[in-house]
Amino acid sequence: MNQIAFRYFDGVDLFAIEGLSHSTVLTIMSEIGPDGFYKFGSSKQFTSWLRLAPNNKISGGKILSNRIPKGSNRLKIALRQAANAIGNLKDTHLSDFFRRVAYRKGRHSAVSATARKLAVIIWNMVTKKVEYQPPKQYLFLDQKRKLGLMNRIKKQIDKFELKPEDLGFKNNLITNDLT
C-alpha cells in the first residue's frame, strides 16, 4: 500500500505524517485524487472546501462567530479520525499541537484544529512535492526573539563586511558563526 500511494502521488510519501493510516490515505486517493489538489489555489481554499476552516462572522469589528461551518464529506471525516488518533500519540509534533489546543479549548476543538493542520500539510506535500519534516521543538517567544536578533546582527555584520577584530574579538575565539 505504501508503494502504491507513493507512486499515486508522484513520489510524495503521505505515510511520513504521524497518525495517517492506510484508510486515511485510501480516502484521500478515492475522494480527491492527486490532480484534485491542484484545483485549489491555496491550502486555505482546500480547507474551506473541506469545511475545516473557521467561518469568521464579523460585524462592526466584533467577532460574532468563528465556528467551523456545518457540512461533512468522507475526507473531512477521515481527517478528523486521523486527528483523533494523533491526540492519543505521545511526543510527536502534531500530538503536542493537539494537546495545546485541547488544554485551551477542549478535545472537540483540538480534533478540528488538528484535522485542518493535517489538510494543510497534505495539500502542501502533494502540490509542492515536498517531504514532511516536522519541527524538532517549539521555541518560546523569548527564544524566537533571540534568534531574530541574532539573524539581524549577522546580516548587519555581512552588510558592513566587519571582521571579528573590528568587533573587538580576539583571534583565539572560534568565529565560524560570524564570518
Subject >> Options SER43, ILE28, ASN56, ranked by Cα towards positive dipole end of the range 1-77, top entry (Cβ charges) >> reply: ASN56
Original post:
In deg cm²/dmol, rounded to 500, what helix-only [θ] at 222 nm does the chain give when every DSSP H run of at least 4 residues adds -39500 (n - 2.57) and the total is split over its residues?
Top reply: -16500 deg cm²/dmol
Subject >> 24 Å Cα-Cα reach of LYS39 towards lysines, excluding residues that sit fewer than 8 places from it in its own chain >> reply: LYS70, LYS76, LYS117, LYS128, LYS129
Original post:
Under 26 Å from the Cα of LYS159, which lysines turn up, not counting those fewer than eight places away in the same chain?
Top reply: LYS144, LYS146, LYS170
Original post:
Under 13 Å Cα-Cα from LYS90, which aspartates and glutamates qualify once same-chain neighbours fewer than 8 residues away are excluded?
Top reply: GLU18
**OP:** Mind pulling the angle between the C-alpha long axis of helix 22-31 and the longest principal axis of the chain? Nearest 10 degrees, somewhere in 0 to 90.
**Re:** 70
**OP:** Rounded to the nearest 10 degrees, what's the angle between the helix 107-128 long axis and the longest principal axis of the chain, both from Cα atoms, 0 to 90?
**Re:** 70
**OP:** Choose one of ASN124, ASN73, THR114: the residue whose Cα lies farthest towards the positive end of the charge dipole of the range 19-159 (beta-carbon charges +1 Lys, Arg; -1 Asp, Glu; about the Cα centre).
**Re:** THR114
Original post:
Looking at (i) 25, 19, 16; (ii) 39, 23, 17; (iii) 27, 23, 20, which value of semi-axes √(5λ) of the Cα gyration tensor in Å comes from a calculation on the structure shown?
Top reply: (ii)
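Out of the trypsin sites (Lys or Arg not before Pro) in the range 81-126, which ones are loop residues according to DSSP with at most 15 other C-beta atoms within 10 Å?
LYS90
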Subject >> Charged-residue dipole, Cβ positions (Lys, Arg, Asp, Glu), the chain about Cα centre, Debye nearest 20 >> reply: 1060
Original post:
After finding the eigenvalues of the alpha carbon gyration tensor for the range 101-166, what semi-axes result from the square roots of 5 times each, listed largest first in whole Å?
Top reply: 38, 19, 8
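Read-outs: derived from the displayed coordinates by stated rules, not from any lab. All values derive from a computational prediction rather than experimental measurement. Positions of Cβ are backbone-derived with ideal geometry, glycine not excepted, and every protein chain shown enters the neighbour counts.
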